[in-house]
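A short write-up of the structure that comes next.
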Amino acid sequence: MTAILDRRLTPARPDLAARHLIGQVEARVFVDPEPMRVVAPSAPLRREPRPDAPLDTEALCGEAVDVYERFEGWAWVQLRTDGYVGYLPDDALRPDALAPTHRVRALRTFVYPGPSMKLPPLAALSLGAGVAVSGESGEFLTLSEFGRYATGFVFAPHLAALETPEPDFVSVAELCLNAPYLWGGKTSLGLDCSGLTQLALAAAGIASPRDSDMLEREIGEPVPFDEGLQGLRRGDLVFWKGHVGILTDPDTLLHATAYSMTVMSEPLRAARDRIQAKSFGAITSIRRIG
């Protein structure tokens with residue numbers, strides 16, 4: 001075997017691998033995946049099948065996955081959205097769940113058992129979660145199903161049709177200002193730098209990979225820059241080795257950072273100087289989308 005495959009994106013172990021990888025990896029058994037969908041509000045994708053294993057990312061409600069193995073409450077999967085491989089809780093998945101028609105466009109919203117905000121909610125869904133809508137009921141949209149429930153109701157302005165992307169991904173990212181930092185997180189309860197970027201881009205209809213090194217390789221076009229950081233604009237992505245932030249204007253960086261353990265906004269040059277001195281080193285690139 002000559003190719004070095006990224007473990008994050010390769011459904012292969014010594015004992016089991018995806019059938020399409022025959023000839024690329026060594027494994028005792030090769031299998032075809034079983035298509036499923038996430039029916040929990042969100043689900044942790046872990047590096048190993050243990051609840052205390054590192055969190056690599058999160059899968060959101062409605063997300064499609066390919067399942068290669070199910071055992072002892074875990075499913076070994078590959079996410080279809082970004083190709084990430086890992087272990088999800090098996091009870092977060094269902095093979096017959098409906099494909100989403102709408103996505104959550106609010107930072108967080110509730111699913112109610114009826115079309116009333118006075119009812120005890122069934123669950124909360126985060127920005128970017130997908131649901132299947134079947135109709136309207138006053139100010140609410142009716143879900144065709146929700147997890148183990150036959151139906152559910154969500155405040156209509158908090159949802160948008162999948163075919164209607166947000167016009168400005170930066171505005172989506174700004175919704176997350178002051179949200180907690182969580183390594184591997186991708187919900188309003190906690191998210192990391194690349195999770196914030198991927199989530200915002202997805203709301204604008206821009207598919208992107210999960211981690212900052214992947215984003216830096218694959219998203220946008222390089223923008224020349226010098227020590228003065230002139231000529232930048234809203235929406236430019238600023239990269240360090242292992243970190244990414246979004247410019248909300250030519251001089252202001254929005255990023256999820258362990259420095260404050262939040263999504264924070266700060267002057268770009270101040271962030272550049274602190275990050276270079278204390279954590280990720282110098283800026284490695286600036287990239288522009290569109």
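Quick check: Cα centre of region 86-112 to Cα centre of region 209-241, how many Å?
Going from one Cα centre to the other spans 31 Å.
What is the diffusion coefficient of region 169-288 in µm²/s, taking the Kirkwood radius over Cα pairs and the Stokes-Einstein relation at 20 °C with a viscosity of 1.002 mPa s? Present the calculation step by step, with values, prior to reporting the outcome.
Details: Rh = 13.9 Å.
Once the numbers are plugged in, D ends up at 155 µm²/s.
Sort Thr187, Thr262 so the one with the fewest other Cβ atoms within 10 Å of its own Cβ comes first.
Details: Thr187 25, Thr262 17.
Ranked by crowding around the Cβ, least crowded first: Thr262, Thr187.
Choose one answer from Gly86, Gly138, Gly228: the residue with the largest mean-square fluctuation in a GNM of the chain with alpha-carbon springs under 10 Å.
Taking springs between Cα atoms under 10 Å, the residue moving most is Gly228.
Sticking with the crude label model, points 7 Å out along Cα→Cβ, report the distance from Trp183 to Met261 in nm, one decimal please.
In this crude label model, Trp183 to Met261 measures out at 1.4 nm.
Report D for region 30-174 in µm² per second (integer): Stokes-Einstein, Kirkwood Rh on Cα pairs, 10 °C, 1.306 mPa s.
100
What number, rounded to the nearest 500 deg cm²/dmol, is the helix-based mean residue ellipticity at 222 nm of the chain, given -39500 (n - 2.57) per DSSP H run of at least four residues and division by all its residues?
On the way: 4 runs with 36 residues, N = 290.
Calculated mean residue ellipticity at 222 nm is -3500 deg cm²/dmol.
Cα extents of region 7-94 along the three principal axes, largest first, in whole Å?
Principal axes ranked by extent give 37, 25, 22 Å for the Cα atoms.
What span do the alpha-carbon atoms of the chain cover on each of the three principal axes, reported in whole Å from largest to smallest?
Ordered largest first, the chain gives principal extents of 57, 57, 33 Å.
Count neighbours as other Cβ atoms within 10 Å of each site's Cβ, and list the GluC sites (Glu not before Pro) in region 1-71 that are DSSP loop with at most 16 such neighbours.
Listed in order of number, the matching sites are Glu26.
Taking every pair of alpha-carbon atoms in region 102-161, what share in percent sits in each 5 Å bin, from 0 to the bin with the longest distance?
Taking all Cα pairs of region 102-161, the binned fractions are 4, 23, 36, 29, 8, 0 percent.
Got a sec? How would Ile4, Ile22 order by Cβ neighbour count within 10 Å, fewest to most? Each step should come with its number before you reach the end.
Working: Ile4 7, Ile22 11.
Result, fewest neighbours first: Ile4, Ile22.
Compute the distance in nm between two label points, each set 7 Å from the Cα along the Cα-to-Cβ direction, one at Tyr149 and one at Lys241.
In this crude spin-label approximation the distance works out to 4.8 nm.
Between the DSSP loop rule and a limit of at most 16 other Cβ atoms within 10 Å, which GluC sites (Glu not before Pro) in region 197-290 are left? All intermediate terms of the calculation are to be shown ahead of the outcome.
Values: sites: Glu216, Glu218, Glu227; in loops: Glu227.
Of the GluC sites (Glu not before Pro), the ones in loops of region 197-290 whose Cβ has at most 16 other Cβ atoms within 10 Å are Glu227.
Which order do the peptides 154-166, 266-278, 96-108 come out in when sorted by mean C-beta neighbours inside 10 angstrom, highest first?
On the way: 154-166: 16.2, 266-278: 14.5, 96-108: 18.3.
Put in order of decreasing packing, that is 96-108, 154-166, 266-278.
Just in region 138-246: which trypsin sites (Lys or Arg not before Pro) are loop by DSSP and have at most 15 other Cβ atoms within 10 Å? Could you put the intermediate results ahead of the total?
Values: sites: Arg148, Lys186, Arg210, Arg217, Arg233, Arg234, Lys241; in loops: Arg148, Arg210, Arg233, Arg234, Lys241.
Counting only loop positions with at most 15 other Cβ atoms within 10 Å, the trypsin sites (Lys or Arg not before Pro) in region 138-246 are Arg148, Arg233, Arg234, Lys241.
Can you pull the one-decimal nm distance between simple spin-label points at Ile289 and Asp96, each 7 Å off the Cα toward Cβ?
Going from the Ile289 label point to the Asp96 one covers 3.7 nm.
Values quoted throughout were computed directly from the atomic coordinates according to the rules given, and no laboratory measurement underlies them. In this text, all values refer to a predicted model and were calculated from it rather than measured experimentally. FYI the Cβ positions are ideal-geometry reconstructions off the backbone, even for glycines, and counts take in every protein chain you see.
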